[in-house]
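Where a number appears in this text, it was derived from the coordinates with a stated rule and is not lab data. As the structure is a computational prediction, the values presented were derived from the model and not from experiment. For neighbour counting, all protein chains shown are included, and Cβ atoms are generated from backbone atoms with ideal geometry for every residue, glycine included.
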There are 2 protein chains.
Amino acid sequence: MRILLVGAGGVGSAVVSIAARRDFFGSMVVADRDPRRADRAVSIMDGRFTAVGLDASSPADVTALCREHGITHVLNAVDPRFVMPIFDGAYAAGADYLDMAMSLSKPHPERPHAETGVKLGDDQFAQAERWVASGRLALVGMGVEPGLSDVFARYAADELFSEIDEIGVRDGANLVVDGYDFAPSFSIWTTIEECLNPPVIWSADRGWHTTEPFSEPEVFDFPAGIGPVECVNVEHEEVLLIPRWVGAKRVTFKYGLGSEFIDVLRTLHKLGLDGTAPVRVGGVSVAPRDVVAACLPDPATLGDRMRGKTCAGTWVRGTGKSGEPRAVYLYHVVDNEWSMREYGHQAVVWQTAINPVVALELLASGTWSGSGVLGPEAFAARPFLDLLTAYGSPWGMEER
Amino acid sequence: MRILLVGAGGVGSAVVSIAARRDFFGSMVVADRDPRRADRAVSIMDGRFTAVGLDASSPADVTALCREHGITHVLNAVDPRFVMPIFDGAYAAGADYLDMAMSLSKPHPERPHAETGVKLGDDQFAQAERWVASGRLALVGMGVEPGLSDVFARYAADELFSEIDEIGVRDGANLVVDGYDFAPSFSIWTTIEECLNPPVIWSADRGWHTTEPFSEPEVFDFPAGIGPVECVNVEHEEVLLIPRWVGAKRVTFKYGLGSEFIDVLRTLHKLGLDGTAPVRVGGVSVAPRDVVAACLPDPATLGDRMRGKTCAGTWVRGTGKSGEPRAVYLYHVVDNEWSMREYGHQAVVWQTAINPVVALELLASGTWSGSGVLGPEAFAARPFLDLLTAYGSPWGMEER
C-alpha cells in the first residue's frame, strides 16, 4: 500500500504520527500547499514518509502526483472545499480514496429550513457507478464523526438490536484552552460550515429533510466525567450515510456546542462574517470567513494549553435482540493530556486521525474490501472496533 | 459670522440643510477631503454656501483656508482623529471653534479599567489658557451627545434642583433598518472604538475613574414609545465636561446599545475582530475591524430603510428647589420618518447636526459669549432650549 496523504494540518500531522507506528503500508507521501508544513509533519518519521507540495484544488495535479509515486490509496485530510478535486484526481489516477468529510451541500433555494438541496456527499455518490465499474473504492466519511460514529451504528444494528427506532450521533467535550478568551479546538472554517448550514435529519416517513440551525436543543449526559452538555442539530455526514446501509426509523446528529459557541456562530452569521465570497476592503479582496480564521489561534497549536476530554459516540434506541426495549450509547473518549503525552497531538485532531489509519490497515489486510462510493457502515464493524482497541484506544458502551 | 464647516459627511450635510433655513450668518464654506462630497452637500443651497477641498489633518491648511475666507467660526464635523489639527488651525487663524466630539483618550497603561489615562478632551483643555488670553472661544462637545445633553444638565442645576446626587446621560432608540439582519445606524468602526474603550465615570469622592467595558447594565425606560432599553457605561464626553461646571455627586453616560448590540461587540472583541492591526489572510493584509465594516451596509445610505425614533437625554436625581426628592429625565426625540421627510437626513445625524447650528446662532446674536475652552454647560441653558424649540424640534421632560 502506497498512500498519498493530502493535507499536513492538524489532522494530517496526527495521521503521520499514528501511521508511523504501524507497518501495514509501504510508503506515505505527505502533500500540502505549503511544502514546509509537509516537511514538519514528516520530520521525525521513518524513511517511508516523503513530503511534497501540492495544489489540492487541481485534480490534474493530484492525478500527476499519484502517478509519480504509484499511489494506491489517497487519504484526504484537507477541508471539504477540496473534496471533489482530490476525489476526481484519485479516480483518474486509478487510486482508492478515503476522506473524513464529504462533498459540500447547497441549501434548498426556496425552503432551506425544510427541504434538502444538494446534500453532503451528493456530488460523490453521483459518481458511484463509475467507481464500481472500475473496481475502485471511495471510502467516504472515515474520520471519527463521520467515521467511527457510523461504525458504531453498524455495530448496534448487527449485534445489539433487532429493530432500531433512532440513531443519534452525539458529540460533546469538556475541553478548555488556557490563556484565550475564545479558542475553538477544531477548524473554525469547518465548524462554521457545518453549524450554519441547515441541519439535516432522516426519518423513515419523510426521508431527508432540514430544520433551522441549532434546532431541537437537548442536554446529553456524556460519559468519562464530561457530564451534561447542551447539544443541537447540526448538518453532518452520518445522517446522509447511515440510512443508506442501516435500518432505522430516524437518524440525527447533535453537536455539544454549548451556548457560548452557538452565540458566536449566530453573531458571525448575523454580521455576514461567515461568508466565503470575497469582499473589498481598502485595496484588497478577502473572504470574511478566512479573516475570522486568521484572527483565531490555530487549533493544531493549542494542545499544550488544552485540558479535558472529547467524546464522540452514537446513541441508539430500539428493540434489543431478545425483544426488550433497549437504548445504548457507544462512544470513544480521548483525554487531551494522554494524546499530547503519547503522540504530541491534541485530542480532537488525534481522535479524527486514528480512524482512517485503522481503516487503511483493514483495507491493506483485505479484512475490509469493496468498490464504489461507500460509507464506514457498509463494512463489518467488529474488526474495526477490535483494531481500534489494539491501537491502544478502546471504545465504550453504556446502557441508557 | 463667516463659518467654515469641516466635513461634508452625514452630520456635515445635515448642518448645511439646517443652517440654510436660518439667516444669522453671512457665509458658510463647506470643506471636505473629497471636494465632490462638499459640492453635493451645498448643491441645492443658496449663494451663502461655498464648497472647497481640505486636508483636515493639516493645521496649516485649516489656518490658510480660514484666512482666505475671513472665517470667524470653525465648526468641526469630521471624526475625532482630526480634532487637534482643526482646533490648532482655527486658533492660529484667530477664529472661534466648535466641535461635536473631543480629542481622543488613551487608556491608562497599567490599570485601564480602574484609572483614566489621557482623558477625552485633555489635549484641548491643556490649551485653555491661550484661548482665554487671546479672547477666543473653543466650544467643545456641542452636538447632541455631548452637547444638548450638557445643556440639559445645566438647565436642571439652574432651574430644577437645589442639590444633585447624580447626572446620568442616557441614550436610546428603537430604530430598525428594513431588509437587514443587522445594520447599525452609525459607523460600526466608531462604535467599536467608543464602546470598547474603558468607560469613564465621575464621582465626588473618586474624581474621574474607569471601569470594564459594558459595566453597570441597567434597563432605562425611554419616552415617546421607545420603551425599555438595556444601557451600559460607555466612554463619553459629558462625563468629562459636566463636572467642570455643574455640581453633582456622580456623573455617568450610558448608551442604550441593547443586549443584541452588546453581544455583537463582545463577540467581535472575543474573536479579535475589533482589531485595527492588519492580519495576514492568504496573500494579503487587512485590519479585521475594516473587514467587519465592509461586511455591513454603509449607515449613510440607510435613511430610507430606517424606521423608528432616537432619544438623547439627561436623567437627573437629587433634591428639588423646595427640598423634595426629585428625579427627572430631560430629553429630545427625533423620528426618522420626520427627519427624512423634512430634511432628507436620517434621525441620528440630523439630531447631532441641529445643536451646533443653534449654538452658532446664539453666538451670532451675542446671547452666548465667552472665551477659553468651554463646554455647553458653561452657558445659560434656557435660551438654547428655547431656540431649539423655535427651530421646530422641541424637547421634553418627565418626572421619574
Output the peptides A:153-164, B:50-61 sorted from most to least packed, where packing is the average of other Cβ atoms within 10 Å over each peptide's residues.
A:153-164, B:50-61
Under the Karplus curve 6.51 cos²θ - 1.76 cosθ + 1.60, θ = phi - 60°, whole-Hz ³J(HN,Hα) for the range A:25-30, x wherever Gly or Pro sits:
10, x, 8, 9, 8, 9
Relative counts (whole %) of C-alpha pair distances in the range A:148-347, using bins that are 5 Å wide
1, 7, 14, 16, 17, 16, 12, 8, 5, 2, 1, 0, 0, 0
For the range B:2-99, average projected area of the Cα convex hull in nm²:
5.2
Peptide-level mean, for A:270-279, of C-beta atoms on other protein chains within 10 Å:
5
Assigned charges on the beta-carbon of Lys, Arg, Asp, Glu; the protein assembly as shown dipole about Cα centre (debye):
940
Order of B:Val229, A:Val30 - criterion: other Cβ atoms within 10 Å of each residue's Cβ, fewest first:
B:Val229, A:Val30
Under a point spin-label approximation (7 Å from Cα along Cα-to-Cβ), what is the A:Ala126-A:Trp208 distance to one decimal in nm?
1.2
Helix-derived [θ] at 222 nm for chain B: sum -39500 (n - 2.57) over DSSP H runs of at least 4, divide by residue count, nearest 500?
-9500 deg cm²/dmol
In 10 Å bins starting at zero, report the fraction of Cα pairs in chain A per bin as a rounded %.
5, 23, 35, 27, 9, 1, 0
Under a cut-off of 29 Å between alpha-carbon atoms, report the lysines in cross-link reach of B:Lys309, not counting same-chain residues fewer than 8 places apart.
A:Lys270, B:Lys254
Please identify, among B:Gly323, B:Gly247, B:Gly282, the residue showing maximal mean-square fluctuation in a Gaussian network model of chain B using a 10 angstrom Cα cutoff.
B:Gly282
Give the lysines whose C-alpha is closer than 19 Å to that of B:Lys321, dropping any in the same chain fewer than 8 places away, or say none.
B:Lys249
Calculate the spin-label point distance for B:Asp304 paired with A:Ser162, positioning each point 7 Å from the Cα along the beta-carbon direction, and give it in nanometres.
7.0
Averaged over B:290-298, number of beta-carbon atoms from partner chains that fall within 10 Å:
6
Per-residue average of Cβ from other chains inside 10 Å of A:280-288:
6
Pop out the ³J(HN,Hα) list for the range A:103-119 in order, Karplus 6.51 cos²θ - 1.76 cosθ + 1.60 with θ = phi - 60°, rounded to Hz; leave Gly and Pro as x.
4, 6, 8, 10, x, 4, x, 9, 10, x, 9, 9, 10, 7, x, 7, 8
Please give the contour-minus-distance gain from B:Val219 to B:Val284: 0.36 nm per residue of separation, less the Cα-Cα distance, rounded to one decimal in nm.
19.1 nm
Using only the Cα atoms of the protein assembly as shown, what do you get for the radius of gyration and for Dmax, in Å?
32.9, 100
Ordered by residue, what ³J(HN,Hα) values in Hz, to whole numbers, does the range A:37-52 give under the Karplus form 6.51 cos²θ - 1.76 cosθ + 1.60, where θ = phi - 60° and Gly and Pro are x?
5, 4, 4, 4, 5, 9, 4, 9, 8, 7, x, 6, 9, 10, 9, 9
Can you list the trypsin sites (Lys or Arg not before Pro) in the range B:48-88 that are in a DSSP coil and have 16 or fewer other beta carbons within 10 angstrom?
B:Arg48
List B:Lys254, B:Lys106, A:Lys119, A:Lys249 from most exposed to least, where exposure is judged by having the fewest other Cβ atoms within 10 Å.
B:Lys106, A:Lys249, A:Lys119, B:Lys254
Cβ density ranking, 10 Å radius, fewest first, applied to A:Thr190, B:Thr310, A:Thr210 yields A:Thr190, A:Thr210, B:Thr310
